[in-house]
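One structure is given here, and the rest of the page talks about it.
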Amino acid sequence: MREGTWSGDLIAIEFPDLDTARAWSGSPAYREIIPLRADHSRGAILLTDGAGDDHRATDVLA
């Protein structure tokens, strides 16, 4: 973290592409469970496009 504060918690969900992620986040099924997430967690939701097939999240820990 370069600026601000971060609790260290991160949940990542992989989708085949950004369009699929957008469709999921706007879906009736997801909208139905938004209160569960919002009532039991805090944080930003980000959609990002682009991690290569060789990317491993643990690489940043080295």
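What follows is calculated from the coordinates using simple rules that are stated; it is not laboratory data. Given the structure is predicted, the values throughout are model-derived calculations rather than measurements. In this analysis, Cβ positions are derived from the backbone assuming ideal geometry, glycine residues included, and neighbour counts consider all displayed protein chains.
Some observations on this one:
- Largest-first principal axis extents, alpha carbons of the chain, Å: 39, 28, 17
- Gain in span if fully extended, A29 to D17, counting 0.36 nm per residue against the direct Cα distance: 2.4 nm
- Mean residue ellipticity (222 nm) of the chain, computed from DSSP H runs ≥ 4 via -39,500 (n - 2.57), nearest 500: -10000 deg cm²/dmol
- Cut-off of 10 Å, at most 10 other beta carbons, DSSP loop: longest stretch of the chain lacking such trypsin sites (Lys or Arg not before Pro): 3-41
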